[in-house]
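Visitor: One structure, as structure tokens, below. Some questions next.
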Amino acid sequence: MKYILLIFFFALLCGCQTTSPEPGITGDTEYTASDPEYGFVPHKPIKLGGFLRGSKYEGSHIDYFQSLTGPNGEPVEVNRLGSCCPFEDKSMLFGGGMLDKYELSYQGQKKPVTIYVNLYQFESPKAPQGFTLL
């Protein structure tokens, strides 16, 4: 009986090996925005929230950038360019905030791109077109 349970256990372990080790790199566009302007224009920023300490999504912007890859899984270099683009939002403590600009590049890319990020509000983020999320 002990041997039958041992064989059954190993069969279960082998059956769990079918998942892809690198989700998102296989050409799956599930995590890429369908809107070509998403993230590339100030009025459609990537809403990562979590910038403020103690917020529900604290640190989400760091996770986002670590998960962002080029279209074929290339590592992405992220450079913060600074703040820009004030926006109004009456639900926020100060009535609004500022967006941040980031430059994204990866090896083989013709030229870096600039994206706009809202670090105060959160919506389930997608990758801008030309990128993917793991």
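Visitor: So in the range 78-134, with the set limited to residues that are in contact (Cβ under 8 Å) with a residue 60 or more places away in the chain and β-branched (Val, Ile, Thr), which one is farthest from Leu48 (Cα to Cα)?
Guide: Per the stated criteria, the residue is Val113.
Visitor: Got a sec? Which of Tyr38, Tyr3 is of a type in the set (Ser, Thr, Tyr) and either modelled with pLDDT of 85 or more or part of a loop (DSSP other than H, G, I, E, B) (or both)?
Guide: Tyr38
Visitor: Determine whether Ser124 is among the hydroxyl-bearing types (Ser, Thr, Tyr), exposed (fewer than 13 other Cβ atoms within 10 Å of the Cβ) and either within 13 Å of the chain's Cα centre (by Cα) or not in a loop (DSSP other than H, G, I, E, B) (or both).
Guide: When the stated conditions are applied, Ser124 passes them.
Visitor: Quick check on my filter: what residues within the range 75-97 are over 20 Å from the mean Cα position of the chain (by Cα) and either within 14 Å of Lys44 (Cα to Cα) or among the charged types (D, E, K, R) (or both)?
Guide: Selection gives Cys84, Cys85, Pro86, Phe87, Glu88, Asp89, Lys90.
Visitor: Which of the residues that make up the range 60-115 are at pLDDT below 95, out of contact with any Leu (no Cβ under 7 Å at 6 or more places or on another chain), surrounded by 13 or more Cβ atoms within 10 Å (Cβ to Cβ) and aromatic (Phe, Trp, Tyr)?
Guide: Answer for the range 60-115, where residues must be at pLDDT below 95, out of contact with any Leu (no Cβ under 7 Å at 6 or more places or on another chain), surrounded by 13 or more Cβ atoms within 10 Å (Cβ to Cβ) and aromatic (Phe, Trp, Tyr): just Phe65.
Visitor: Taking the condition acidic (Asp, Glu) and at pLDDT 85 or above, does Asp28 pass?
Guide: Details: acidic (Asp, Glu): yes; at pLDDT 85 or above: no.
So Asp28 does not fit the description; no.
Visitor: Looking at this structure, is Phe8 over 15 Å from the mean Cα position of the chain (by Cα), at pLDDT below 95, surrounded by 15 or more Cβ atoms within 10 Å (Cβ to Cβ) and over 19 Å from Thr132 (Cβ atoms)?
Guide: It is false that Phe8 is over 15 Å from the mean Cα position of the chain (by Cα), at pLDDT below 95, surrounded by 15 or more Cβ atoms within 10 Å (Cβ to Cβ) and over 19 Å from Thr132 (Cβ atoms).
The values are calculated or read from the model by the stated rules, or taken from the named source; none is laboratory data. Given the structure is predicted, the values throughout are model-derived calculations rather than measurements. Here Cβ is always computed from backbone atoms with ideal geometry, including for glycine, and neighbour counts include all displayed protein chains.
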